[in-house]
Amino acid sequence: MSETFELSNFGPLTALCVMAAELEYGPALKARIKPLITGVGPVEAAVETTAALAQLEREGRLPDLILSLGSAGSQSLEHGRIYWVDEVGYRDMDASAIGFAKGVTPFLDREPVLTLASGPAGQPYARLATGASVVTGEAYDDIDAEMVDMETYAVVRAAAKFGVPVMGLRGISDGKADLTVLEDWTNTLSVIDAGLAEALDLLKAEFERLTAEIAPETA
């Protein structure tokens with residue numbers, strides 16, 4: 001795989017930033033990060049994240065963390081606002097016909113809802129559900145989460161194979177009205193780009209502050 005991404009520095013930590021689509025990668029983010037662009041959906045996210053981490057592991061430079069960032073849909077959260085992800089589930093998994101609760105992956109020794117690493121204190125958090133469908137209208141009624149995306153759960157599962165924690169950041173792009181055309185999603189992306197960039201600046205400042213607080217005093 002050719003390397004089309006770069007690790008980012010957040011204070012003392014290195015991070016692999018992961019996004020789904022070039023359309024989400026606007027000018028504010030371009031001034032700060034060069035992410036891995038996986039393509040849309042959980043399969044592409046899992047494949048490309050695993051390949052990138054395997055490459056980095058071979059080179060002896062696995063990141064300290066992964067930042068999964070981009071847009072999300074929600075009927076209840078404020079549109080254009082950025083939310084940190086506290087938990088993520090896999091909304092496509094349904095083996096209830098053979099006795100497993102919906103969302104539980106058969107024979108996988110993991111909780112159906114995964115907890116992500118925490119970002120800066122005092123920021124808004126929300127639960128996320130990942131799946132391979134674009135959610136709109138009444139489809140939200142069947143989802144036990146406040147927002148939906150198509151990649152984060154897959155990124156978290158791939159990262160776990162390498163022991164790398166994941167933080168999630170999502171900007172709410174749609175959900176109040178039914179999606180009918182691509183522009184119903186893309187119209188908010190410039191706002192989300194700016195918001196995600198501000199959130200990354202906040203994260204960097206937080207890591208730098210914590211590092212300064214725990215650094216030993218010098219004579």
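The values are calculated or read from the model by the stated rules, or taken from the named source; none is laboratory data. Computed from a prediction, not measured in an experiment: that's the story for all the values here. Heads up, the Cβs are rebuilt from the backbone with ideal geometry, glycines too, and the neighbour counts pull from every protein chain shown. Just the protein is used for accessible areas: all its heavy atoms, side chains included, with ligands, DNA and RNA removed. Shrake-Rupley method; radii C 1.70, N 1.55, O 1.52, S 1.80 Å.
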Inset, instruction - Please determine, in degrees from 0 to 90 and to the nearest 10, the orientation of helix 42-58 with respect to the longest principal axis defined by the Cα atoms of the chain, where the helix direction is its Cα long axis. - result: 20 degrees
Legend entry - GluC sites (Glu not before Pro) within the range 1-34, DSSP loop, no more than 13 other Cβ atoms inside 10 Å: Glu3, Glu6
Inset, instruction - Enter the accessible area per residue of the chain (Å², integer; probe 1.4 Å; all protein chains in place). - result: 50 Å²
Inset, instruction - Treat each spin label as a single point 7 Å out from the Cα along the C-beta direction, and report the Ile214 to Leu13 distance in nm. - result: 1.0 nm
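Over the chain, what percent of the accessible surface lies on carbon and sulfur atoms, probe 1.4 Å?
Here carbon and sulfur together make up 52 percent of the probe-accessible area.
Please report the antiparallel percentage of DSSP beta bridges with both residues in the chain, rounded to the nearest 5.
Antiparallel bridges make up about 30 percent of those DSSP assigns within the chain.
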Inset, instruction - For the range 87-204, calculate the relative contact order in percent as a whole number, restricting contacts to Cα pairs under 8 Å that are 6 or more residues apart. - result: 22 percent
Legend entry - Estimated vicinal HN-Hα couplings, Hz - the range 113-123 in sequence order (Karplus 6.51, -1.76, 1.60; Gly, Pro = x): 10, 9, 8, 9, 5, 7, x, x, 5, x, 9
Legend entry - Gaussian network model of the chain, springs between alpha carbon atoms under 10 Å - residue of Ser133, Ser76, Ser96 with greatest fluctuation: Ser96
Legend entry - Lys pairs, the chain - Cα-Cα below 28 angstrom, 8 or more residues apart or on other chains: 6
Legend entry - Distant alpha-carbon pairs in the chain (separation over 29 angstrom), percent: 25 percent
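How much net charge surrounds Leu23 when only other residues with a Cβ under 12 Å from its Cβ are counted (Lys, Arg +1; Asp, Glu -1)? The partial results should precede the final answer.
Values: positive: none; negative: Glu22, Glu24, Glu183, Asp193.
Residues near Leu23 contribute -4 overall.
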Legend entry - Residue-span extension gain [Ser76 to Thr180] - 0.36 nm each, minus C-alpha spacing: 35.5 nm
Legend entry - Point-charge dipole on Cβ atoms (K/R +1, D/E -1) for the chain, about Cα centre, debye to 20: 460 debye
Inset, instruction - Work out, in µm²/s and without decimals, the Stokes-Einstein translational diffusion coefficient of the range 131-218 at 4 °C, 1.567 mPa s, Rh from Kirkwood over C-alpha pairs. - result: 81 µm²/s
Legend entry - Translational D in µm²/s for the range 4-88 (Stokes-Einstein at 20 °C, 1.002 mPa s, Kirkwood Rh from C-alpha pairs): 153 µm²/s
Inset, instruction - Rounded to whole Hz and in sequence order, give me ³J(HN,Hα) for the range 185-202 from the Karplus expression 6.51 cos²θ - 1.76 cosθ + 1.60, θ = phi - 60°, writing x for Gly and Pro. - result: 8, 6, 4, 9, 5, 5, 5, 5, 4, 5, x, 5, 4, 4, 5, 5, 4, 5
Inset, instruction - Provide Rg and Dmax in Å for the range 27-66, with only Cα atoms included in the calculation. - result: 11.7, 32
Legend entry - Selection from Thr186, Gly168, Val156, by position along the positive dipole direction of the range 79-219 (Cβ): Val156
Inset, instruction - Within the chain, what's the longest run with no chymotrypsin sites (Phe, Trp or Tyr not before Pro) in a DSSP loop and at most 16 other beta-carbon atoms within 10 Å? Give the range, please. - result: 1-99
Inset, instruction - Could you tally the net charge around Leu13, taking each other residue with its Cβ under 12 Å from the Cβ of Leu13, Lys/Arg +1 and Asp/Glu -1? - result: -2
Inset, instruction - Determine the relative contact order of the range 5-159: mean sequence separation of Cα pairs under 8 Å and six or more apart, normalised by residue count, in whole percent. - result: 26 percent
Legend entry - Pairs of alpha carbons in the range 95-158 whose separation is greater than 15 Å (percent): 62 percent
